1. Please go through region 171-227 and pick out each residue that is among the aromatic types (Phe, Trp, Tyr) and surrounded by 20 or more Cβ atoms within 10 Å (Cβ to Cβ).
2. Give region 68-99 a look and list any residue that's touching a Lys or Arg at 6+ places or on another chain (Cβ under 6 Å) and closer than 22 Å to residue 133 by Cβ, or say none.
3. For residue 47, are the conditions met, namely being modelled with pLDDT of 90 or more and on the phi < 0 side of the Ramachandran plot?
4. Could you list, in sequence order, the residues of region 157-166 that are out of contact with any Pro (no Cβ under 8 Å at 6 or more places or on another chain) and either crowded, with 21+ Cβ neighbours inside 10 Å or without any contact (Cβ under 8 Å) to a residue 12 or more places away in the chain (or both)?
5. Hey, could you check region 184-195 for residues that are touching a Leu at 6+ places or on another chain (Cβ under 9 Å) and in a helix (DSSP H, G or I) and say which is nearest to residue 146 (Cα to Cα)?
6. Go over the candidates 154, 135 one by one and state the one that is free of Cβ contacts under 8 Å to residues at least 24 places away in the same chain and under 27 Å from residue 109 (Cβ atoms).
7. Inspect region 131-149 for any residue being closer than 19 Å to residue 102 by Cα, outside any loop (DSSP other than H, G, I, E, B), within 15 Å of the chain's Cα centre (by Cα) and among the small types (Gly, Ala, Ser) and give the result as yes or no.
8. Any chance region 154-169 includes a residue that's at pLDDT 95 or above and not in a helix (DSSP H, G or I)?
Amino acid sequence: MAEQKKTNEALNMEEALTQSEAFLIKNKKTIIGGLLAVIIVVAGVVMYKNLYAEPREEKAQTALFKGQEYFEADAYAEALNGDSLGYVGFAKIADQYSGTKAANLAKAYMGICYKNLGKYEEAVKALDAFNGNDQMVAPALKGAVGNCYAELGQLDKAASALLKAADQADNNTLSPIFLVQAGEILVKQGKFDDAIKAYTTVKEKYFRSYQAMDIDKYIEQAKMMKK
């Protein structure tokens, strides 16, 4: 019985192998075609990364460097629009190298340059185009958007952006700054309860911050104005 079982298993295995071989022979062209397609796609991705994406990123980073020097020197017009010496400016870097990390960073620089040049609508557009989740940079830019809206007299949008920036940052460095700014705008709008809430958040949640040292004054002023 044992020998018969072994014989049957051998026959079954041989049959399975025969069927597999027949399948491979029958579908050889399709299988080879599929494998070639996978190889071509993988090779294409590798070539794109090595021959196009990485060199393009390096060029963008190099172009960005001079703009950062202008920015740090408070030469915002040159940083934004370029000079006569070959530097093209943050605006063109963001456009020419779209999709790179350097181009994304150029949008942030663009926004701050526009803001410091008093071009607040352009600043909002550039800052909103920046894509990032860094715990400090992203909320700082959101706060800058709020300040731009305030300059444009769009106080609802300003307060909303500042409160979102404070929530996004959630730290003792940025959040209290944005909450106090939002509170001041809310007071101007006569939204005293919302202002008191913003100030109280500084007092209770960010009590280690510099702004918390005299936040009671802001709270009392808002309460007095509410009466």
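1. Step one: filter region 171-227 for residues among the aromatic types (Phe, Trp, Tyr), giving 178, 192, 199, 206-207, 210, 218.
Listed by number, the residues that qualify are 178, 199, 206, 218.
2. 94
3. It is false that residue 47 is modelled with pLDDT of 90 or more and on the phi < 0 side of the Ramachandran plot.
4. Residues satisfying the conditions are 157, 158, 159, 161, 162, 163.
5. Filtering region 184-195 for residues that are touching a Leu at 6+ places or on another chain (Cβ under 9 Å) and in a helix (DSSP H, G or I), the one nearest to residue 146 (Cα to Cα) comes out as 185.
6. Going through 154, 135 in turn, the sole match is 154.
7. yes
8. yes
The values are calculated or read from the model by the stated rules, or taken from the named source; none is laboratory data. These numbers were taken from a predicted model, which means no experiment stands behind them. Ideal geometry is used to build each Cβ from the backbone, glycine not excepted, and the neighbour counts take in all protein chains shown.
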